[in-house]
Amino acid sequence: MAAVGLASPAMAQDVSADWDLTTDPARQVTLATLNFGSNQIALRCKTGVLDFLLTGVPTTVASPAVTVTAGAIQNERQQWLAWPDQPIISPPEPARFARQLRAGGELDIRLDPGSAGERPRRYRLPVPPSIAAVDQVLSACSIPLNDDWDLRQRAELGTAVWARPVIPEFPELAASRGVENGEVAVGCAIAAGGLLDECRILSETPQGAGFGQSALRSAKRSRVELPDDEESVIGKVVTFTVRFRIS
């Protein structure tokens, strides 16, 4: 994990159950890790931003499709994010994912082939229960330890075909601070007519520059195409990423 700067010899080391818990108040980092040899799980709060990382997973695509089982998440299809030039992938909803591992159990991730000739891969990792370690990381990012949103059914991959796409406005606050780029992961429930309801920020980088609120405003003006069987998707949660670049 040193390649992505997740740990440092200068940090104070604690042990909570079988997780390694690391805190560095000066850098505003709280980190819980599990080492499985070829793979490592890392749950990190850094300057108020939560990341969940699975290392040792090479992929040739930027957004690999995976099937996940973890706690209440059962055989759910998700689009993960691959880190450039590193064998690391991350889920679209890190807080939801982390909460599923508080009580332990098997983490089962099946990775689709990224290109022709590749074979599907499967990672089955036994996660020991460690509510204290996971909770400390979540609390460091001021994230709730329980959230009913986690249990809402997610829409199938590919559901977010835009009838009216998300077109955000670059926030004036970010521009005034010289911030040129931002990225926000958003989750919304699909409502009647393809409108988006109950939208929330899942992650925001950087924080405090207005990107999150701009993404939410643009999501409320957007609409997804509905299938012929509209009722099959109404109420389900769809996740997507809104990217900002100053023009």
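Checked against (1) in contact with a helix residue (DSSP H, G or I) (Cβ under 9 Å, 6 or more places away or on another chain); (2) within 30 Å of ASN75 (Cβ to Cβ); (3) surrounded by 19 or more Cβ atoms within 10 Å (Cβ to Cβ), GLU198 passes all but condition (3).
Against the definition (out of contact with any strand residue (DSSP E or B) (no Cβ under 8 Å at 6 or more places or on another chain) and among the β-branched types (Val, Ile, Thr)), how does ILE109 come out, yes or no? Answer is no for this residue. For the range 24-41, the tally of residues that are over 12 Å from VAL127 (Cα atoms), crowded, with 16+ Cβ neighbours inside 10 Å and without any contact (Cβ under 8 Å) to a residue 60 or more places away in the chain stands at 1. ARG243 passes every criterion in (1) within 18 Å of the chain's Cα centre (by Cα); (2) surrounded by 15 or more Cβ atoms within 10 Å (Cβ to Cβ) apart from (2). Residue pairs whose Cβ atoms lie under 6 Å apart, separated by 6 or more positions or on different chains, with the first residue in the range 165-191 and more than 19 Å from ILE246 (Cα to Cα) and the second of a type in the set (Gly, Ala, Ser) and in a loop (DSSP other than H, G, I, E, B), are ALA189/GLY235. Those strands (runs of 3 or more DSSP E) of the range 61-149 in which 2 or more residues are among the polar types (S, T, N, Q) occupy 65-70, 73-79.
Of the residues making up the range 201-214, those that are in contact with an Asp or Glu (Cβ under 6 Å, 6 or more places away or on another chain) and crowded, with 17+ Cβ neighbours inside 10 Å are LEU202, PHE211, GLY212, SER214. Scanning the range 61-83 finds no residues that are without any contact (Cβ under 8 Å) to a residue 60 or more places away in the chain and more than 30 Å from LEU226 (Cα to Cα). Within the range 137-155, the set of residues being loosely packed, with under 13 Cβ neighbours inside 10 Å and not hydrophobic (A, V, I, L, M, F, W, C) comprises SER142, PRO144, ASN146, ASP148, GLN153. What are the residues in the range 227-243 that are farther than 20 Å from GLN79 by Cα and not in a helix (DSSP H, G or I), if any? Answer for the range 227-243, where residues must be farther than 20 Å from GLN79 by Cα and not in a helix (DSSP H, G or I): PRO227, ASP228, ASP229, ILE234. Looking across ALA185, ALA175, ALA209, one residue alone is assigned to a loop (DSSP other than H, G, I, E, B) and of a type in the set (Gly, Ala, Ser). It is ALA209. If you check GLN86 against the conditions, is it out of contact with any Lys or Arg (no Cβ under 8 Å at 6 or more places or on another chain), within 28 Å of PRO206 (Cβ to Cβ), surrounded by fewer than 19 Cβ atoms within 10 Å (Cβ to Cβ) and in the same structural domain as ARG99 (by TED's automatic domain parsing)? Judged against the criteria, GLN86 is a match.
The values are calculated or read from the model by the stated rules, or taken from the named source; none is laboratory data. Given the structure is predicted, the values throughout are model-derived calculations rather than measurements. Ideal geometry is used to build each Cβ from the backbone, glycine not excepted, and the neighbour counts take in all protein chains shown.
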